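Beneath this line is the structure, given in structure tokens, with notes to follow.
Since every read-out is calculated from the coordinates, none of them should be taken as a lab result. As the structure is a computational prediction, the values presented were derived from the model and not from experiment. Here the Cβ positions follow ideal geometry from the backbone for every residue, glycine too, while neighbour counts run over all protein chains shown.
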Amino acid sequence: MHVLMEYAFLFLKLHQLFVHIPIENEASKALFTRCGFVLSGIMKDWVLTEKGYSDVLVMQKVRTER
């Protein structure tokens, strides 16, 4: 994951990355938190699941070093 972020920030010169994670997906939340992503919002009733509509977390990592 860190190699991909380096590629995105240094080679592609992106300023930030973001992900949409279904609110019940604990493994993905933990993975992206460990990689430095922070919660930036919640989209209500965003995805349809077997149980009905579910919220989605928006997490982002902004490049801090220049």
Across the range 18-40, the tally of residues that are assigned to a strand (DSSP E or B) and under 9 Å from MET59 (Cβ atoms) stands at 7
The lone condition LEU10 fails out of (1) within 13 Å of ARG63 (Cα to Cα); (2) surrounded by 12 or more Cβ atoms within 10 Å (Cβ to Cβ); (3) not small (Gly, Ala, Ser) is (2)
Quick test of your reading of the structure: LYS61 fulfils all but one of (1) within 10 Å of the chain's Cα centre (by Cα); (2) of a type in the set (D, E, K, R); (3) exposed (fewer than 11 other Cβ atoms within 10 Å of the Cβ). Name the failing condition by number.
(3)
Give me the residue from the range 16-30 that is in contact (Cβ under 8 Å) with a residue 24 or more places away in the chain, farther than 17 Å from TYR53 by Cα and surrounded by fewer than 15 Cβ atoms within 10 Å (Cβ to Cβ) and, out of that set, nearest to the chain's Cα centre (by Cα).
PHE18
Output the number of the condition that ASP45 fails; it satisfies all remaining conditions of (1) loosely packed, with under 14 Cβ neighbours inside 10 Å; (2) in contact (Cβ under 8 Å) with a residue 40 or more places away in the chain.
(2)
